[in-house]
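Here's the structure, in structure tokens; my notes come after.
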Amino acid sequence: MKDKFVSISNESQGLFKDKGSRFIAYAYPVSSEEEVKALIKELTAKHHGARHVCYAYRIFTFGKAQGKWRANDDGEPSGTAGRPILGQIDSAGLSNILVAVVRYFGGILLGVPGLINAYRSAAADAIANAEKVEKTATVWRQIEFTYENMPMVESFIKAQGLTAKNREFSEHCSMEVEIPLSLHDKIVKKLKKSVTFKENSDKSI
């Protein structure tokens with residue numbers, strides 16, 4: 001199953017102006033809805049004088065083509081803000097990204113076509129200013145094994161190109177291994193006779 005996706009590696013900004021209104025866009029790399037909520041709360045506090053803080057996000061979810069997503073108009077006419085922002089995320093083929101657009105009203109109504117164009121243009125500018133990066137969805141698993149099995153475990157990890165950390169070697173050894181989600185079940189099956197997989201794991205998409 002697909003476990004690779006394209007995201008952004010850095011926060012970026014964009015700007016669009018029309019008839020006195022300013023649309024300030026922010027693009028953030030994110031990996032959870034909790035991060036999204038925290039960032040929107042932070043932006044809302046930072047721009048307390050703004051009329052709207054509209055946003056959209058898409059988060060990669062292993063095994064689900066569309067992942068997790070949401071488009072929020074924050075009081076703008078339905079479909080004029082969140083959806084155009086999400087459209088730019090999808091046009092760029094990105095996941096694990098939040099794009100929020102802060103609007104400062106300039107006193108002149110833009111109408112539905114004008115709003116769609118403004119939010120779309122601001123989002124596109126922020127996305128264009130961000131560095132793109134390909135990522136692999138992974139999960140960290142803690143494994144335990146005997147000292148006698150250490151050479152085999154180390155050899156297997158090296159052969160599979162896996163990353164390990166927090167190694168502890170004694171009579172009973174342990175380490176944490178980062179496994180691509182698409183290979184998880186296969187690797188567990190190959191190692192389960194020689195190691196014990198602890199239940200606690202942390203997805204690090």
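The values are calculated or read from the model by the stated rules, or taken from the named source; none is laboratory data. Predicted, not measured: the structure shown is a model, and the values here were computed from it. Quick reminder, even Gly has a Cβ in these numbers, built from the backbone with ideal geometry, and neighbours come from all protein chains shown.
Which numbered condition in (1) modelled with pLDDT of 95 or more; (2) within 25 Å of S182 (Cα to Cα) is the only one that S12 fails?
(2)
Can you name every one of the strands (runs of 3 or more DSSP E) wholly within the range 112-170 that holds 2 or more residues which are free of Cβ contacts under 8 Å to residues at least 24 places away in the same chain?
Values: elements: 132-136, 138-146, 163-168.
In the range 112-170, 163-168 are the strands (runs of 3 or more DSSP E) which contain 2 or more residues that are free of Cβ contacts under 8 Å to residues at least 24 places away in the same chain.
Only one of (1) surrounded by fewer than 22 Cβ atoms within 10 Å (Cβ to Cβ); (2) under 16 Å from the mean Cα position of the chain (by Cα) fails for S121. Which number is that?
Condition not satisfied by S121: (2).
With (1) assigned to a helix (DSSP H, G or I); (2) in contact (Cβ under 8 Å) with a residue 12 or more places away in the chain; (3) surrounded by fewer than 18 Cβ atoms within 10 Å (Cβ to Cβ) as the list, and A38 as the residue in question, which single condition is left unmet?
Answer for A38: the failing condition is (2).
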